[in-house]
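A short worksheet on the structure shown next.
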Amino acid sequence: MFIRRPGRFLPLLLSLAAAAPVWGQKQAATAEAPAKPQAAGGDDEWVRSLTDKDGSVTALQTAIGRYEGTPPGAAGPVRVDLVGAIHVGDRAYYRDLNKRFEGYDAVLFELVAPEGTVVPKGGRVGSDNPLGAMQNGMKGLLDLEHQLEIVDYTRPNFVHADMSPEQLFSTMEARDEGFLKLYFRMMGQGIAEQTKTASKGESAEFDLMKAMFSKDRPRRMKMALAGQLTQLDGLLTSFGGEKGTTLIHERNRTALDVLDREVAAGKKSFAVFYGAGHLTDMDKHLRERFGLRQTGKQWVTAWDLAE
């Protein structure tokens, strides 16, 4: 079976599932899956695509994994849900998440922004940086919504659990991780993996080019990208070796430090709302650092691609 790897479209995929939502520098119901779908991906994955009997992609889904147990030093058992995010998605997807988030003591969210930054309800995402501009461009190209514009970050149970821009850049500098250097290393790894699994047939790039000239361009482009997104989390988790990277592993440590603090404060139920590309590494640390075990996983539809 030919497994498509990110290759040259890696920056687009990063902006969808792994890179943090970025707030502008000037401001310090889920669709049902089709009957008897075929799902790509295994139990350890956080993004999957559904296909019909003809092999056409009908949905892109993200997982919510539940973990339970009593962390070291906690007064009692806690429940933590890892909620995989796609940063641009269907409006129904984000509305469903809004309803789910009401039921937690704390929702820990990613956002590279100064501590205390307030994301106004229904606010517009700025394009003062390349990543924000890319996410906005993907939103328009794919006919989707941006999570910062639909998710209600003003709820009192929302807790910022990410680095500030200063922390991010200083950590990257200390680790000799320039954005351009990381991008080319990731792209090289993606191309190497694609070469290993190459087979006859049309490439992912060709699929995407065909979609761009289709009469049904937004849906066809999403269908072309969905298959590649299912491969992204494994590539990101393995990238960087034992030391990992700031963009994934160091930011995860920051988020889990916040979780540790909130557990110590006596809260019992948590959602960790982070890009799906972060969750394989987070799963490992919830098990090893917090002593939790996964007790369930459910899937929600981020992109409904059925005709």
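Where a number appears in this text, it was derived from the coordinates with a stated rule and is not lab data. Note that the structure is a prediction, hence the values are computed from the model and not measured. Glycine gets a Cβ as well: all are built from the backbone with ideal geometry, and neighbour counts include every protein chain shown.
Taking the average, over residues, of other Cβ atoms within 10 Å as the packing measure, peptides 103-116, 164-177 rank 103-116, 164-177 from highest down. Cross-link pairs exceeding 22 Å in C-alpha to C-alpha distance, out of K53/K222; K121/K268; K99/K267, comprise K121/K268. On full extension, the segment bounded by R287 and R155 gains 44.7 nm, given 0.36 nm per residue less the C-alpha separation.
Starting from the coordinates of the alpha-carbon atoms of the range 64-126, obtain the Kirkwood hydrodynamic radius over all distinct pairs and give the value in Å to one decimal.
14.4 Å
Per-residue Cβ neighbour counts within 10 Å put W46, W303 in the sequence W303, W46, beginning with the fewest.
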